[in-house]
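Accompanying notes for the structure given below.
The values are calculated or read from the model by the stated rules, or taken from the named source; none is laboratory data. All values derive from a computational prediction rather than experimental measurement. With ideal geometry, Cβ positions are generated from the backbone for all residues, glycine too; neighbour counts draw on all protein chains shown. With ligands, DNA and RNA removed, areas are computed over all heavy atoms of the protein, side chains included. Shrake-Rupley method; radii C 1.70, N 1.55, O 1.52, S 1.80 Å.
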Amino acid sequence: MTKIRIACLFLLLPLCVAAQKKKPGQQEVIKVPLEAGHWAFQPGTVEFITYKSVPAMKLLHSNDTVVLKDLDFTNGTIEYDVQATSPFTSFYFRRMSRKENECFYFRMPSSGKGDAVQYAPHIDGINLWDMLDQYQSVAWFSNDDWNHVKLVISGKQMRVYVNDTSRPVLEVPRLEGNAWHGGLAFDGQAIIANLVVKPDQTEGLPPGEGIDITNNDASYLRTWQISQPMNTPEKIDFSMAWKPGTNAPWETIRAERRGLVNVTRKFGSAENRARRIVWLKTNIRSAIAQTRQLHLGFSDEVWVFINGKYLYVDKNRYGSPLLKQPDGRCTVDNASFPLPLVAGDNEVLIALANDFYGWGIMAKLDKFEDMTFDK
């Protein structure tokens with residue numbers, strides 16, 4: 001036991017020395033050693049080298065993750081230099097596990113385009129890139145030199161800087177992951193250098209989540225009842241036999257930011273990426289008979305009913321001929337169609353199927369007039 005403890009202390013010594021002991025009033029700065037003993041990785045997937053005159057960590061394979069040992073990060077500033085050698089490279093923080101973490105990544109071929117960088121958390125192993133298109137932005141990268149990255153993380157908010165520390169390329173008013181603290185990690189073929197962590201140094205960024213301006217829009221359908229998910233049989237697209245019976249249980253689910261009904265957060269990932277279906281229902285009480293336009297975002301397939309009658313069927317799958325703009329992602333602009341309402345109660349019922357990344361809907365009427373519904 002004594003030998004094991006001595007070995008552990010010897011392994012952690014360089015990290016402790018790099019952080020050093022703070023003097024009174026001095027802020028902590030951790031210069032993370034890019035040495036094999038401080039990182040967890042699969043053999044043969046990472047090299048620790050000197051590159052452009054500095055110690056560096058070279059990730060050799062796109063799908064392998066290298067995880068920093070013995071650092072639990074919550075809030076603060078993280079900076080590093082990266083030169084990517086593959087189309088994608090990702091950085092993870094507050095990493096509780098492969099399935100639960102926050103993630104920021106580069107699309108290297110998109111340098112100078114509007115999707116060059118994106119923030120998207122993993123929830124139960126599902127990357128929500130297709131549900132959170134608002135968290136991407138333009139940035140410019142160098143392919144043959146260092147790109148300097150700085151992330152300021154405070155509670156629910158984050159600012160990201162790339163090659164210009166005077167103005168963020170991306171501001172995230174609400175971090176969407178389930179994890180509040182955890183480790184740091186990288187993946188994608190890339191070379192990493194000059195990794196520095198400044199715990200609790202947040203540059204005045206407030207910890208509370210920022211405003212969601214859609215909260216001011218009363219026309220979103222935000223409160224639904226949801227059924228339990230079921231796996232769909234192979235080679236069967238849809239069947240009314242899957243509709244929940246009279247005594248089937250329903251639960252309340254409420255929309256998150258931008259009116260997103262986040263089914264992934266509620267039910268997580270399916271085993272073996274099986275295709276699953278849930279049913280969502282809500283009631284609109286209209287003072288008069290009227291027809292409103294329903295704007296619907298969805299991932300991946302919907303069957304919409306109004307007062308028991310078929311109204312709309314569609315699919316939105318990335319990479320398929322039926323994908324909706326933008327690029328098969330879920331936004332309230334995916335689809336729009338007339339919603340006929342009778343005077344009195346109107347049941348909107350949606351069957352929602354998914355087997356690809358994020359799962360959910362957004363629903364918004366063109367006008368909130370002569371009606372009420374649950375908020």
Looking only at segment 211-242, count how many residues are within 19 Å of LEU260 (Cβ to Cβ), open to solvent by 50 Å² or more (accessible area, probe 1.4 Å) and among the basic types (Lys, Arg). 0
Being buried (at least 21 other Cβ atoms within 10 Å of the Cβ), touching a Ser or Thr at 6+ places or on another chain (Cβ under 6 Å) and in a strand (DSSP E or B) narrows it down to one residue among VAL152, VAL160; which is it? VAL152
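Just wondering, is there one or more residues in segment 79-97 that are among the hydrophobic types (A, V, I, L, M, F, W, C), modelled with pLDDT under 95 and open to solvent by 10 Å² or more (accessible area, probe 1.4 Å)? Working first, answer last.
As a first pass, look at segment 79-97 and keep what is among the hydrophobic types (A, V, I, L, M, F, W, C): 82, 84, 88, 91, 93, 96.
Filter once more, so that each one left must be modelled with pLDDT under 95: 84, 88.
Then drop every residue that is not open to solvent by 10 Å² or more (accessible area, probe 1.4 Å), which leaves 84, 88.
Taking every residue of segment 79-97 in turn, at least one turns out to be among the hydrophobic types (A, V, I, L, M, F, W, C), modelled with pLDDT under 95 and open to solvent by 10 Å² or more (accessible area, probe 1.4 Å).
Would you check which residues across segment 65-124 are of a type in the set (D, E, K, R) and in a strand (DSSP E or B) and list them? Break it down stepwise before answering.
In the first step, residues of segment 65-124 are kept if they are of a type in the set (D, E, K, R); the result is 69-70, 72, 79, 81, 94-95, 98-100, 102, 107, 113, 115, 124.
Scanning segment 65-124 gives GLU79, ASP81, ARG94, ARG95, GLU102, ARG107.
Condition first: farther than 23 Å from ARG265 by Cα and touching a strand residue (DSSP E or B) at 6+ places or on another chain (Cβ under 6 Å). Now tell me which residues in segment 118-143 satisfy that. Steps first, please.
Quick first cut of segment 118-143, residues farther than 23 Å from ARG265 by Cα only: 137-143.
Scanning segment 118-143 gives SER137, ALA139, PHE141.
VAL67 - would you say it is buried (at least 16 other Cβ atoms within 10 Å of the Cβ) and without any contact (Cβ under 8 Å) to a residue 60 or more places away in the chain?
Working: buried (at least 16 other Cβ atoms within 10 Å of the Cβ): yes; without any contact (Cβ under 8 Å) to a residue 60 or more places away in the chain: no.
Spelling it out, it is not the case that VAL67 is buried (at least 16 other Cβ atoms within 10 Å of the Cβ) and without any contact (Cβ under 8 Å) to a residue 60 or more places away in the chain.
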What do you reckon, is TRP242 touching a residue at least 12 places away in the same chain (Cβ under 8 Å) and more than 23 Å from the chain's Cα centre (by Cα)? yes
Assigned to a strand (DSSP E or B), of a type in the set (Gly, Ala, Ser) and at pLDDT 95 or above: is that true of GLY297 in this structure? yes
So, in segment 112-133, of the ones that are of a type in the set (Asp, Glu) and open to solvent by 10 Å² or more (accessible area, probe 1.4 Å), which residue ends up nearest to TYR161 (Cα to Cα)? ASP115
Taking the stated definitions as given, is ALA56 small (Gly, Ala, Ser) and modelled with pLDDT of 95 or more? yes
Exactly one condition in (1) of a type outside the set (Asp, Glu); (2) without any contact (Cβ under 8 Å) to a residue 12 or more places away in the chain; (3) not in a loop (DSSP other than H, G, I, E, B) is false for ILE361; which is it? (2)
Listed residues TYR318, TYR357; which is crowded, with 22+ Cβ neighbours inside 10 Å, in the same structural domain as ARG254 (by the TED database) and at pLDDT below 95? TYR357
Residues in segment 258-266: is at least one part of a loop (DSSP other than H, G, I, E, B), over 30 Å from GLY76 (Cβ atoms) and open to solvent by 50 Å² or more (accessible area, probe 1.4 Å)? no
Selection within segment 228-257 - in contact with a Phe, Trp or Tyr (Cβ under 8 Å, 6 or more places away or on another chain) and in a strand (DSSP E or B): MET230, THR252, ILE253, ARG254
Could you tell me whether segment 39-46 includes any residue that is within 24 Å of the chain's Cα centre (by Cα), surrounded by 18 or more Cβ atoms within 10 Å (Cβ to Cβ) and part of a strand (DSSP E or B)? no
Take ASP333 and decide whether it is charged (D, E, K, R), on the phi > 0 side of the Ramachandran plot and assigned to a loop (DSSP other than H, G, I, E, B). no
Might you let me know whether segment 290-300 holds any residue that is within 25 Å of the chain's Cα centre (by Cα) and open to solvent by 10 Å² or more (accessible area, probe 1.4 Å)? yes
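A quick yes/no check of all residues on (1) at pLDDT 95 or above; (2) over 30 Å from GLU47 (Cβ atoms); (3) under 23 Å from the mean Cα position of the chain (by Cα); (4) in a strand (DSSP E or B):
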{"position": "GLU171", "(1), (2), (3), (4)": "yes, yes, yes, yes"}
{"position": "LEU175", "(1), (2), (3), (4)": "yes, yes, yes, no"}
{"position": "PHE186", "(1), (2), (3), (4)": "yes, no, yes, yes"}
{"position": "VAL196", "(1), (2), (3), (4)": "yes, no, no, yes"}
{"position": "SER269", "(1), (2), (3), (4)": "no, yes, yes, no"}
{"position": "THR282", "(1), (2), (3), (4)": "yes, yes, no, yes"}
